[in-house]
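Okay, structure first, notes after.
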Amino acid sequence: MSTPEKSYPGKIMLFGEYSIICGSKALVIPYDKVSGRWEFYADVTSIPASIKGSQNELRKLIGYLNCTTSISDIIDLQSFVEDVESGLYFNSTIPQQYGVGSSGALVAALYDRYKRNNDDNLEQLKSNLSLIESAFHGNSSGIDPLCCYLNEAVYINQKDDPIPKKLSNTNEISVFLVNTHISSSTKPLVSHFKAMLHHYSFYKKLSQSYIPTINRAIENLLAQRFNELMNQIASISAFQSEAFSRMIPESYKFLFQGDKNKPFEVKLCGSGGGGYLLGFTQHPEETKTALIGHNLDFVFL
């Protein structure tokens, strides 16, 4: 096979981390400041260590997929194996274990290159991508790789239907990432969350407070009701500070504390535990000044 030119963006889940497991709405957008694409290294006898690392990760993925029921109906796994042994690797600028889609982009690229057919509807496509991405997270909704595959915002309603969305450009709200410089694996955090669901008090708060707030935040963002949106993000941040304390690095917990004078709100970006934190503000210049004052590493989208 010839090497395709196509690249696959990272992603940012604006809303729905963890709650999507329990049936909430979710909204994911592509993050094209980082991306990955397939490349071949011509001389397989002298492959650099960095590329060998990528290929070793691909071989681990192959091992998982070999044990996955019905995977051969979805992708041409044998061709993938042969290409890896011929020097194929995934050249990516997406930081791993940071919550911005390193696995989602890889899964999207794998499926796009080796899929068995082209006639998937969106629900089936999400299901197929979910099956592959479960190699990384133990449990995948499929929405992250779907976003990377389509290179479009994807909205999940409470019926679990994926709907591509064109988000209106606006100057009324700004989104930014705070880099914690801590990598974090999703799988153990998802396992921890599922264990928490067995506690009725936690599940009650999640279902009666957190999920409705997530849903309203998405509805207000899509309707461009930004004042209401910021109020909901403040509630999400407060809930995460209390209920998801393990997912927030200790030295960044102050960002989640309620403060009427704070010009921004911060929430988890993906599973948390490190990686990026996701911020929203209607006052970007004041926010930049505040973040600089705390010596934080941040970038606006």
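Key figures for this structure:
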{"read-out": "Residue list for the range 212-229, filter: more than 21 Å from the chain's Cα centre (by Cα), farther than 13 Å from Leu167 by Cα and hydrophobic (A, V, I, L, M, F, W, C)", "value": "Phe226"}
{"read-out": "Residues of the range 177-221 that turn out to be in contact with a helix residue (DSSP H, G or I) (Cβ under 7 Å, 6 or more places away or on another chain), not in a helix (DSSP H, G or I) and not aliphatic (A, V, I, L, M), as a count", "value": "1"}
{"read-out": "Leading residue by the ranking (nearest to Ser271 (Cα to Cα)) among those in the range 23-51 that are hydrophobic (A, V, I, L, M, F, W, C) and modelled with pLDDT under 90", "value": "Ile51"}
{"read-out": "Tally of residues being closer than 20 Å to Ser35 by Cα, at pLDDT 90 or above and assigned to a loop (DSSP other than H, G, I, E, B) across the range 129-176", "value": "2"}
{"read-out": "Single residue of Asn215, Asn231, Asn179 found to be surrounded by 14 or more Cβ atoms within 10 Å (Cβ to Cβ) and in contact with a Pro (Cβ under 9 Å, 6 or more places away or on another chain)", "value": "Asn179"}
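The values are calculated or read from the model by the stated rules, or taken from the named source; none is laboratory data. Remember, it's a predicted structure, so these values are computed and weren't measured experimentally. Every residue, glycine among them, receives a Cβ derived from its backbone with ideal geometry; neighbour counts consider all protein chains shown.
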